[in-house]
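Novice: Here it is, the structure in full.
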Amino acid sequence: MIGFAGLSHLGLVSGMAAAAKGFDVIAYGADGALCDRLNRGEFPFFEPGLEELWSANRSRINFTAAAAELSLCQVIYLSLDVATDENGGSDLSGLTDLIDRVVAAAANDTILIVLSQVPPGFTRKLAGRIEPLRNTRGLQLFYQVETLIFGRAVERAMEPERFIVGANDPRHELPETYQNVLSAFDCPILVMRYESAELAKISINMCLVSSVSVANTMAELCEKIGADWSEIVPALKLDKRIGQYAYLTPGLGIAGGNLERDIATVVSLANEFGADDGVPDAWIANSRYRRDWVLRVLHAGVISRVANPMIAVWGLAYKQDTNSTKNSPALFLIDALKPFSVRAYDPAVTLEAGIQPNFLQSATALEACEGADALAIMTPWPEFSAIDIAEIRQLMKGRVIVDPYSMLDGETCGRSGFSYFKLGSPAGKGK
Amino acid sequence: MIRHLTSETSPARVVVVGASGFVGQDITRTLRESGTEVVALSSADVDLTKPESVDALGRMIGEPDSLVIVSAITPDKGKDAATLMRNLAMGQHLSAFLEQAKRAHVVYISSDAVYADDANPVRENSCCDPSSFHGLMHLVRERMFAEAVRKTATPYLILRPCAVYGGGDTHNSYGPNRFLRTALKDHQISLFGQGEEQRDHIYIKDLSRLVALCLARSSEGVLNVATGQSVSFFEVAEKIAQLCGDGVEIKGSPRANPVTHRHFDVTNIRKAFPEFVLTSLDDGLAEFLREIKDNQAG
């Protein structure tokens, strides 16, 4: 029996994946009403494939608000989502409270695994607290790296590239029960000391941030000098030192919370230990700069030319296939457009009514376009690509489309009379 | 980088310190045109280089007043250490005055010269490492005033404009101001090198309108004032030559210094004042020319 304590996005997806691999799972969270909804298959967020996974494995997973039920588990994952503030700082108090509850409930000889996002050094300190219990109750503590990707979480949980496990002493073999759980996923298992595993997770994310920052920096130059970043990317991906899966799609800065958290951790560690933090500082500055790209384009192309413009916004989630809006560029844009009318549509996100006096959420993408002077496509939901540009043209008053992710065909937009702006190529040039 | 403490309200009275200069005059005029009561102080009213100015300011400025501080000895009147020290003495006396009581609002017109030469694009949090005494003077004064108003909890705003152009310029500074004058007078524009350096130029009326908006909103913090569109001095010269229209010659010269550029990220103006529309360089130059011709005709 495997336990998951903390009904976060990560905990739910990981728990469902364990159930799908044939393990019985108890998933614990203090919110009884949430557990009831989850037992009915009602998830508090959108994640492709999750509901199907639950339907196929519902007999093996039980959601409960009774911590005592975790005493039935031989392995318990601590999977609480660690909240971050706007600057990526972590609040670990909820996790430490949860750990106390789980330790109290766990049976002797249970293996505890921290799956939550924790800063380097956290697991070693926790191990120090648990050490006395190791001798008397046989509790063992590990840290396991998670690299959740919203929108692809199920796929990655079912078919992980590898497991990275932090151990007190990596020279010792993993306990058999834990090894059995990991082996069910048939991928390499890398065991290292706690601190290395904690930093491995951050290192992975720093590599991703670095790639995206390169893409954003070079894409901006493309926009200025007449190159097209989308033509350059295939050349980079054929370079083995860069690779076909490299994160080279330019975007509106770094969002979602997890990457920001890890950058903040690196900066904090660099400050504490006197290491150079110039590079992560530059990543943060570049991310904030690119986040406002659409705002700058709208000011230059519409707001400075049209009195009381109305802006249509497609997409509120920070990326496609999720309803998360954490640090979403769309929300920053809407906030910066306060005096103007904004009509927004997102297939998975509904904002609270009245967040701004001039903000309305539309039922469809096309409805949001009615009478708009400009359209900004802030989230690359695939369904936006299927929308007929002629219909958009018919509904909109103005002729400006800001399409950072190139969801529409730029040439068609241009032929339809639109000024068309996308990341990585000069204005007016489509994909 | 700034926040507004009030929604749109008219300041009770505004005292412009340094009202006889290019920027001070235009701010005074703009505020008066909008119906704001303005007290315009110049060096003829109070000599800020002297310690007595502290008491003199106290007699002229009341606690409900808002202040716009523009006063400075500009680089055309001196770029040396002695000028720096006189400017700092003015800052010292103003600070001593500001420490005495809470005022409604203090707006300090600083300069983009506070930033390092290689800060690109310049943002409000770019590295402040001035390469001139003029920039150093502004940076030190920014800090002096910040320390003074902190003691009285007076809302404090620093505006850092890029090069300002427009009618009434008294400095004949390199760029639109000098180019337009020499184009009209001598039919010639002289460039350093071939005028390759790219700079941002803000129209004086935009700066004044922005000051008025900041006063109305009791804005505090730091805000750069620029258009976000940098162009080369050669392009500025070409635009002016075209506007003047009667065979203005653009002359280059051997380059004495390496080419440097300066660009601004003006996102914070967009966020702070979403409805504020900046004047394009083309429109600003055309208006500037009209103003000069009107003055000549008048």
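None of the figures in this text is laboratory data; all of them are computed from the coordinates on show. Note that the structure is a prediction, hence the values are computed from the model and not measured. FYI the Cβ positions are ideal-geometry reconstructions off the backbone, even for glycines, and counts take in every protein chain you see.
Novice: Give the order of A:LYS397, A:LYS326 when sorted by the count of other beta carbons within 10 angstrom, beginning with the fewest.
Specialist: A:LYS397, A:LYS326
Novice: Here's another thing I want to ask about it. Classify chain B: rounded, prolate or oblate, from the alpha-carbon gyration tensor (a ≥ b ≥ c, eigenvalue square roots; a/c under 1.5 rounded; otherwise prolate if a/b is larger than b/c)?
Specialist: The shape class here is prolate.
Novice: In a Gaussian network model over chain B where Cα atoms closer than 10 Å are linked, find which of B:VAL16, B:VAL122, B:VAL259 has the largest mean-square fluctuation.
Specialist: Its mean-square fluctuation being the largest, the pick is B:VAL259.
Novice: Spin-label point model (7 Å from Cα, Cβ direction): what's the A:ILE189 to B:THR9 distance in nm?
Specialist: Result: 6.7 nm between the two label points.
Novice: For A:ARG124 and A:GLN244 in one chain, what is 0.36 nm times their gap in residues minus the Cα-Cα distance, to one decimal in nm?
Specialist: The span from A:ARG124 to A:GLN244 would gain 39.6 nm if fully extended.
Novice: To continue, here is another question. Which of the pairs A:LYS201/A:LYS422; A:LYS224/A:LYS397; A:LYS224/B:LYS205; B:LYS77/B:LYS102; B:LYS205/B:LYS271 have their Cα atoms more than 22 Å apart in this structure?
Specialist: Correct reply: A:LYS201/A:LYS422; A:LYS224/A:LYS397; A:LYS224/B:LYS205; B:LYS77/B:LYS102.
Novice: Continuing with the same structure: Between rounded, prolate and oblate, where does segment B:258-298 land on the alpha carbon gyration tensor, with a ≥ b ≥ c its root eigenvalues, rounded for a/c under 1.5, else prolate if a/b exceeds b/c?
Specialist: Oblate, since a/c reaches 1.5 and b/c is not below a/b.
Novice: When the C-alpha atoms of segment B:84-184 are aligned to their principal axes, what extent does each axis show, in angstrom, from largest down?
Specialist: Principal-axis extents of the Cα atoms in segment B:84-184, largest first: 49, 30, 26 Å.
Novice: Here is a further query. Got a sec? Charge dipole of chain A, +1 on Cβ for Lys and Arg, -1 for Asp and Glu; which of A:PRO250, A:GLY417, A:ASN216 is way out at the positive end?
Specialist: A:GLY417
Novice: Could you tell me which residue out of A:SER93, A:ASN108, A:ALA65 lies farthest along the dipole of segment A:1-129 toward its positive end? Charges go on the beta carbon: Lys and Arg +1, Asp and Glu -1, centred on the Cα centre.
Specialist: Comparing the listed Cα positions along the dipole, A:ASN108 ranks first.
Novice: Using the Kirkwood radius built from alpha carbon pairs, what does the Stokes-Einstein equation give as D for chain A at 25 °C and 0.890 mPa s, in µm² per second?
Specialist: Rounded to a whole number, D works out at 105 µm²/s.
Novice: Please report the net charge: other residues with Cβ closer than 11 Å to the Cβ of A:ILE263, K and R +1, D and E -1.
Specialist: Neighbourhood net charge equals -3.
Novice: Taking 7 Å along the Cα-to-C-beta vector as the label spot, tell me the A:SER210-A:ASN108 distance in nanometres, rounded to one decimal.
Specialist: Computed distance between label sites A:SER210 and A:ASN108 equals 4.9 nm.
Novice: For the protein assembly as shown, what is the per residue volume of the convex hull drawn over the alpha-carbon atoms, in cubic angstrom?
Specialist: Dividing the Cα hull volume of the protein assembly as shown by its residues yields 202 Å³.
Novice: About the Cα centre of segment A:292-421, how large is the charge dipole given +1 on each Lys and Arg Cβ and -1 on each Asp and Glu Cβ? Please answer in debye to the nearest 20.
Specialist: Its charge dipole is roughly 420 debye.
Novice: Right, another one. Just how far, in whole angstrom, is segment A:330-357 from segment B:185-225 if you go by their alpha carbon centroids?
Specialist: For segment B:185-225 versus segment A:330-357, the Cα centre distance is 33 Å.
Novice: Among B:LEU281, A:LEU208, A:LEU12, A:LEU221, what is the fewest-to-most ranking by other Cβ atoms within 10 Å?
Specialist: Ordered from fewest to most neighbouring Cβ atoms within 10 Å, B:LEU281, A:LEU208, A:LEU12, A:LEU221 come out as A:LEU221, A:LEU208, B:LEU281, A:LEU12.
Novice: I need B:TYR174, A:TYR194 ordered by Cβ neighbour count within 10 Å, fewest first.
Specialist: Fewest to most other Cβ atoms nearby, the residues stand as B:TYR174, A:TYR194.
Novice: While we're here: Which loop-located trypsin sites (Lys or Arg not before Pro) does segment A:200-282 contain, where loop means any DSSP state but H, G, I, E or B and the Cβ has at most 15 other Cβ atoms within 10 Å?
Specialist: A:LYS240, A:ARG241
Novice: Okay, moving on. Find which of B:GLY168, B:THR267, B:VAL70 sits farthest along the positive direction of the dipole of chain B, computed with +1 on the beta-carbon of Lys and Arg, -1 on that of Asp and Glu, about the Cα centre.
Specialist: It is B:VAL70, whose Cα lies furthest towards the positive end.
Novice: Which whole-angstrom value gives the distance between the alpha carbon centres of segment B:158-184 and segment A:400-431?
Specialist: Comparing the Cα centres of segment B:158-184 and segment A:400-431, I get a distance of 38 Å.
Novice: While we're on this one: Using alpha carbon centroids, what distance separates segment B:59-82 and segment A:135-172, in Å?
Specialist: Their Cα centres are 63 Å away from one another.
Novice: Would you mind classifying segment A:282-418 by shape? Square roots of the alpha carbon gyration tensor eigenvalues, ordered a ≥ b ≥ c; an a/c under 1.5 is rounded, otherwise it is prolate if a/b is larger than b/c and oblate if not.
Specialist: Here segment A:282-418 falls in the rounded category.
Novice: When Lys and Arg each count +1 and Asp and Glu each count -1, what net charge do the other residues less than 15 Å away from B:THR260, Cβ to Cβ, add up to?
Specialist: Overall, the nearby charge balance is -4.
Novice: Using only atoms on other chains, find how many Cβ atoms lie within 10 Å of each Cβ of peptide B:20-30 and report the average.
Specialist: That works out to 0 on average.
Novice: Show which lysines lie in cross-link reach of A:LYS21 when reach means a straight Cα distance below 22 angstrom and same-chain residues fewer than eight apart are skipped.
Specialist: none
Novice: Which residue, A:ASN108, A:ASN327, A:ASN216, tops the fluctuation ranking in a GNM of chain A built on C-alpha contacts under 10 Å?
Specialist: Comparing A:ASN108, A:ASN327, A:ASN216 in the GNM, the peak value goes to A:ASN108.
Novice: Among A:ILE225, A:ILE204, A:ILE377, which one shows the highest mean-square fluctuation when chain A is modelled as a Gaussian network with alpha-carbon springs under 10 Å?
Specialist: Fluctuation is largest for A:ILE225.
Novice: Something else now. What value does segment A:323-372 have for Rg/Rh, both radii from Cα atoms and Rh as Kirkwood defines it?
Specialist: 0.93
Novice: Follow-up. Evaluate the charge dipole of chain A about its Cα centre and quote only its size in Debye, nearest 20, assuming +1 on the Cβ of each Lys and Arg and -1 on the Cβ of each Asp and Glu.
Specialist: Rounded to the nearest 20 debye, it is 600 debye.
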